[in-house]
Structure formats: C-alpha cells, structure tokens
Amino acid sequence: MLTALTGVYGDRPDALRVAGRGASYEELLGAARAVAADVAGAPAFAVTATASLETVAAVVGGLLAGVPFVPLPPDAGPAEREHILRDSGAVLVDVDFARRGDGGVEAGPGRPALILYTSGTTGPPKGVVLTAEAVAADLDALAEAWQWSAEDTLVHGLPLFHVHGLVLGVLGALRTGSRLVHTGRPTPEAYAEAGGSLYFGVPTVWSRIAGAPAAAAALGGARLLVSGSAALPAPVFRDLERLTGLRPVERYGMTETLITVSGRAGGEVRPGTVGTPLRGIRTRIAAEPGAEIGELQLTGPTLFSGYLGRPEATAAAFTEDGWFRTGDIAAVDEGDGVHRIVGRASIDMIKSGGYRIGAGEIENALLDHPKVSEAAVVGLPDADLGQRIVAFVVAEGVTGPELTDFVASHLSVHKRPREVRFVAAIPRNAMGKPQKRLLVTGEG
C-alpha cells in the first residue's frame, strides 16, 4: 500500500515535512510501528488529526496493524467527538512520534482501513468505511492522471481529517514516493516558499494566493496546481493562470467515492469543469427527459464499503442496479466527455418557472463582476415560480438591480436572480465549501 516505506526509493532524510518538522521514511515507519503495537486488536482507534507528524504516524500505524483509523477533527466540539467515538467504537490514542516499534502486518484484503465521518448536514455524521484496496486504486488512478511520481515534491496545507488532505495529501505521497511538504497553515507565503512541483489546495487557498501576486508568481516553477473540495471560481482560475502561467486542474470526489473525475496533467483544462472519469470509473447522468443536467451517478473500485452500522442508509445511497447516487447535479459535454458539476441536488438544483437551473452557473456569472468577491445562490419557495433565484453576495459599490442585469446579460434571462441579498461573508466549512443552509436560515 505504502510503496515509499518498503525501501524502493531509499531512505530520504527529509522525505516528509509537516508544519516545520521533518522525518525520514525510517523514522516514520518506526513511529508507525509503535502505534500499530498500541492499537493491535482494537476494533478501531482515533487520533485528534492535527497537521503533525503524529497524525501521519497514526494513519500508517493503523494500516500496519490492520485496525481502522478514525481521524478526529481538532475543532470538533464535545458532542461531535463523543458521537464519533461512540459510533465507531474507537479507542482514543495519543501518539508520540519519538517512540519506535518494530514488526506489524498490513490489513488483510477487504478489511476497513479508514473510517471518515461525513459533515452531517442531514443529521449526525455517518462513518464512511474505506478499504486499503479502494484507496490504492484511487491513488494509482490519480498518479496516472496527474503524472504523479517519486520525482515530485507535493505541497499542501490541508486538514488531515478529510480525503483531500489525508488520503491524497499523505497516503498519496507515500504511495507514489513523492516528497511531502505540509505547510501547516496554507498561507500564500508558505506555499511560495515550499518549492514544490505539485500543489493541492481548496478554492479559499487558491483565492488567497491569487490575491498575493508575488506568492503566486513563485508557484510558476511548479508543473501542476490541483484544486478540489469545492468549485473553483472562474475569476480565480484566470488570475492563477495569469500569475503562474499554469491552468489549475480541478477534480471531483466525495468521502464515499474518493476522487472519481479529474482533469489531466498536460491535457486541455477549462474553468468550471472537473475533467473526465479516472481509470476504472464509470459515470452517468440521471436526468429527466429533455434536461441537460441531472444527478451524477457512478461506479468503480474506489467506492466505500458502506456507512458504518447503517445498512439502510447504505442501501439508499445506491440505485437498484448498483450505481452510487452522489446527490450532485452535473452535465457532461457530448463531445469530449468533460464533466461540469452544477451543485448539490438538495440545494443547488433550482426549479423556477418550469426551468431546471444550476446555482453554480449563476454564481460564476456573479463572480465575473469586478465588484463581487463572493456569491452563493439558492432557490427559495415562490408562489408564482415554484422557486425564485436568490443571490447572497459579498460586494461593494454595486446595487442588486445592477447585478441582476449583469447576470441576465451573461446568461439566459430566466437565470437572473430575482432577489440579491448583500452579506458580510459567505459561511464556509473547513474545506471552503459554502454553507448555504446557514444563509437561508439566517445563521450565517
């Protein structure tokens, strides 16, 4: 599973650096073996997943011991922590990176390797069970798509309790043999100083880098910038291209599926698109007759084993013929198969005046206005239209009617916002995804 720890690339003295602390493969393996010895025989184990070498040792130790690793968000409140520990049956472990152990056996085929908890937007978080085989299949497909190899230096500053930072950003480096630099906090200055060839970030990170021209220019020596976890606004895409000379690649995935669709290194990349399915992944759009957009459904070797202890929820997540229902609305270009994610079916698919409208398209149009820095669009109940398009906007020096006219001049008239509400900020989660429900309920 973790090719770099088998010695095939030698023992690099600074193979990984996390928040300013460095370690070799040998040091990581020794610390991971100590974790494996501590957790052997447990049903699962949890660690507060800070950006640290301790968290890296924990996930590797779990793989060595064949015990599922449960990363706890460092900012989780007492109720969330208690729920995760109780639901997973995990024992809470403290990791000392200075300790060394020996021995250890990797998890057997099909055994759970990770239990990652979803955001819980529709109730308590659910445990998503992932096997080492699913993780390996995903990382190998991504290495192919991104030409990711041991010659790379991967740089990111993402949380280590999500797929993006933990699976791609840690296990990916150990699978491919690329050197890893985790910057701690993902500041423009830290990214600029890291000297990487491959950078991972979420839109919030890339927006801040695009707003720091000197830092952005320093990334011009890289070969690939990857954005994910939320849609990258088109203006940020264009600013990054102008400042770095690189067109950032977007990819799409979920905790339950890992990464399934992505742009390719060296391939054509267009803003607002997430590329084509990775090797082994098949996708389809479940759309109503005559509609261009519909729910994205998929199947392949990277899918989760199920929701922990929730067989009914697991069954409901799949169609009768076995395809996973992502709950995301997408469109696929008939010419080249490139996918575009419109948004979540629950809140980003707006049915207004007989039209099916994706919120993401309107958000990108609003963000093209020079006075708009953030935008989130929802559909609210309307007696006449069914739903009316409402835009929450962070902007200065522009009026609501002006923004409505701006959108109407860029898109079909029926896609214009019927109401524009100005807010101080768009609430977001740790991965930069807009929390639209908070806007709708007034809690944002």
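Can you work out which of the residues in the range 153-164 that are open to solvent by 10 Å² or more (accessible area, probe 1.4 Å) and outside any helix (DSSP H, G or I) is nearest to R17 (Cα to Cα)? Walk me through it before giving the result.
Pass one, the range 153-164, residues open to solvent by 10 Å² or more (accessible area, probe 1.4 Å): 153, 159, 161-163.
Cutting the leftovers down to outside any helix (DSSP H, G or I) gives us 153, 159, 161-162.
Details: T153: 11, P159: 15, F161: 18, H162: 19 Å.
The extreme case among them is T153.
Of all residues in the range 282-313, count the ones that are open to solvent by 80 Å² or more (accessible area, probe 1.4 Å) and either closer than 29 Å to H83 by Cβ or of a type outside the set (G, A, S) (or both). Quick ask: steps written out before the conclusion?
Residues of the range 282-313 that are open to solvent by 80 Å² or more (accessible area, probe 1.4 Å), as a first pass: 282, 288-290, 292, 311-312.
If we keep only those that are either closer than 29 Å to H83 by Cβ or of a type outside the set (G, A, S) (or both) too, we end up with 282, 288-289, 292, 311-312.
Final tally of qualifying residues: 6.
Exactly one of these conditions fails for A134: (1) more than 17 Å from A46 (Cβ to Cβ); (2) modelled with pLDDT under 95. Give me its number.
(2)
Any residue in the range 130-143 that is closer than 27 Å to A316 by Cα and assigned to a strand (DSSP E or B)?
Yes, the range 130-143 has at least one match.
Is it true that D138 is of a type in the set (D, E), more than 20 Å from the chain's Cα centre (by Cα) and surrounded by 20 or more Cβ atoms within 10 Å (Cβ to Cβ)? Before the answer, list the steps.
Numbers: of a type in the set (D, E): yes; more than 20 Å from the chain's Cα centre (by Cα): no; surrounded by 20 or more Cβ atoms within 10 Å (Cβ to Cβ): yes.
Considered against the rule, which asks whether it is of a type in the set (D, E), more than 20 Å from the chain's Cα centre (by Cα) and surrounded by 20 or more Cβ atoms within 10 Å (Cβ to Cβ), D138 comes out as no.
Which ones in the range 55-97 are surrounded by fewer than 22 Cβ atoms within 10 Å (Cβ to Cβ), not hydrophobic (A, V, I, L, M, F, W, C) and not in a helix (DSSP H, G or I)?
Residues satisfying the conditions are G66, P73, P74, D75, G77, G89, D94, D96.
Taking interchain pairs and intrachain pairs at least six residues apart, which have beta carbon atoms under 9 angstrom, with the first residue in the range 80-100 and farther than 20 Å from G61 by Cβ and the second open to solvent by 40 Å² or more (accessible area, probe 1.4 Å)?
E80/P124; R81/T48; R81/L92; H83/P124; D87/P124; D87/K126; D87/L308; D87/G309
Of all residues in the range 228-251, which are within 27 Å of L303 (Cα to Cα), at pLDDT below 95 and either β-branched (V, I, T) or in contact with an Asp or Glu (Cβ under 8 Å, 6 or more places away or on another chain) (or both)?
Going through the range 228-251, the residues within 27 Å of L303 (Cα to Cα) turn out to be 228-232, 248-251.
So of that shortlist, the ones also at pLDDT below 95 come out as 228-232.
Once the filter is applied, which keeps residues that are within 27 Å of L303 (Cα to Cα), at pLDDT below 95 and either β-branched (V, I, T) or in contact with an Asp or Glu (Cβ under 8 Å, 6 or more places away or on another chain) (or both), the range 228-251 yields G228, A231, L232.
Can P112 be described as at pLDDT below 95 and within 29 Å of T153 (Cβ to Cβ)?
Here the answer is no, as P112 does not meet what is asked.
Return the pairs, sorted by first residue and then second, in which the second residue is at pLDDT below 95 and part of a helix (DSSP H, G or I), the first residue lies in the range 187-216 and is closer than 25 Å to Y252 by Cβ and of a type in the set (F, W, Y), the beta carbons are less than 7 Å apart, and the residues are 6+ apart or on different chains.
Within 7 Å, the pairs are F200/H164; W206/V236.
When you scan the range 403-420, do you find a residue that is of a type in the set (D, E, K, R), in contact with a helix residue (DSSP H, G or I) (Cβ under 7 Å, 6 or more places away or on another chain) and within 29 Å of G267 (Cα to Cα), even just one?
In the first step, residues of the range 403-420 are kept if they are of a type in the set (D, E, K, R); the result is 405, 415-416, 418-419.
Next, only the ones that are in contact with a helix residue (DSSP H, G or I) (Cβ under 7 Å, 6 or more places away or on another chain) stay: 415-416.
Applying the additional criterion that residues be within 29 Å of G267 (Cα to Cα) yields none.
The answer is no; no qualifying residue exists.
Only one of these conditions is not met by L2: (1) open to solvent by less than 10 Å² (accessible area, probe 1.4 Å); (2) in contact with a Lys or Arg (Cβ under 8 Å, 6 or more places away or on another chain); (3) under 16 Å from V170 (Cα atoms); (4) aliphatic (A, V, I, L, M). Which number is it?
Only one criterion in (1) open to solvent by less than 10 Å² (accessible area, probe 1.4 Å); (2) in contact with a Lys or Arg (Cβ under 8 Å, 6 or more places away or on another chain); (3) under 16 Å from V170 (Cα atoms); (4) aliphatic (A, V, I, L, M) is unmet by L2, namely (1).
Let me confirm something: among R279, R251, R325, which residue is surrounded by fewer than 22 Cβ atoms within 10 Å (Cβ to Cβ), under 18 Å from L168 (Cα atoms), in contact with a helix residue (DSSP H, G or I) (Cβ under 9 Å, 6 or more places away or on another chain) and among the charged types (D, E, K, R)?
On the way: R251 fails: surrounded by fewer than 22 Cβ atoms within 10 Å (Cβ to Cβ); R325 fails: under 18 Å from L168 (Cα atoms).
R279 is the lone residue from the list that is surrounded by fewer than 22 Cβ atoms within 10 Å (Cβ to Cβ), under 18 Å from L168 (Cα atoms), in contact with a helix residue (DSSP H, G or I) (Cβ under 9 Å, 6 or more places away or on another chain) and among the charged types (D, E, K, R).
The values are calculated or read from the model by the stated rules, or taken from the named source; none is laboratory data. Values in this document were obtained by computation on a predicted structure and should not be read as measured data. All Cβ positions, even for glycine, are placed from backbone atoms using ideal geometry, and neighbour counts span all protein chains on display. Ligands, DNA and RNA are excluded from the accessible area calculation, which covers all protein heavy atoms including side chains. Shrake-Rupley method; radii C 1.70, N 1.55, O 1.52, S 1.80 Å.
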